[in-house]
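Working notes, structure below.
Bear in mind that the values in this text are calculations on the coordinates, not laboratory data. Bear in mind that the values here come from a model prediction, so they are computed numbers and not experimental data. Counting neighbours? That spans all protein chains shown, and the Cβs are built from the backbone with ideal geometry, glycine included.
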Amino acid sequence: MAQNRVVVGVNGSENSLAALHRAAEEARRRGAVLVPVLVWHPVGGEMAYRSHPCPPLLKQWQQAACDRLDAAFDTAFGGCPADLTVEPLVVRAERPGPALVEIADQPGDLLVVGTGKQGRLTRLFHGSVSRYCLAHARGSVLGVSPTATTEPARPARRSETSRRATLSAAA
């Protein structure tokens, strides 16, 4: 019987760090293996690399991707959490969405992705990883907003803020 996994897309952004935190919580709760995945591609894309291959550069890019994944763990947790089984993956692929969906294909897998805001231009050229995963994953997908873990709760209305400031000043 295969062990359940929590697969999480990581790229070092605020969105992915929030997803990494939530994925670690889910892995602990489920007693699952945490599988952080960093997807990378050659500078200029696969088409450019195929026309002008350079194996030494490819090794450097691969190592840089590994370093980015290590840095994400350092930023999020101060290193690899000792209480979890972690099986990191650094994957070369043109697009992260399809790669994540392919990796999180076992029964019982949970795929965790950040759902932060992207500019229109970024979405136009690269698409939304979280939307792709939600539409194409065979198993469960958990979308995590960075505001859920990084920003304090805020009042719903501006008038509440004004009233609190007035009460604090009067006290």
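Structure data summary
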{"item": "Semi-axes of the equivalent ellipsoid for the stretch 17-76, Cα gyration tensor, largest first, Å", "result": "31, 11, 9"}
{"item": "Peptides 77-90, 10-23, 128-141, 30-43 ordered by average Cβ neighbours within 10 Å, highest first", "result": "10-23, 30-43, 128-141, 77-90"}
{"item": "FRET efficiency estimate (nearest 0.05) - Cβ-Cβ, E87 to Q60, R0 22 angstrom", "result": "0.35"}
{"item": "Rounded FRET efficiency, nearest 0.05, which uses the C-beta distance separating E94 from D67 and R0 of 25 Å", "result": "0.75"}
{"item": "Potential extension, Q106-V43 segment - 0.36 nm per residue separation minus Cα distance", "result": "19.6 nm"}
{"item": "Prolate/oblate/rounded call for the stretch 50-117, Cα gyration tensor, a/c under 1.5 rounded", "result": "oblate"}
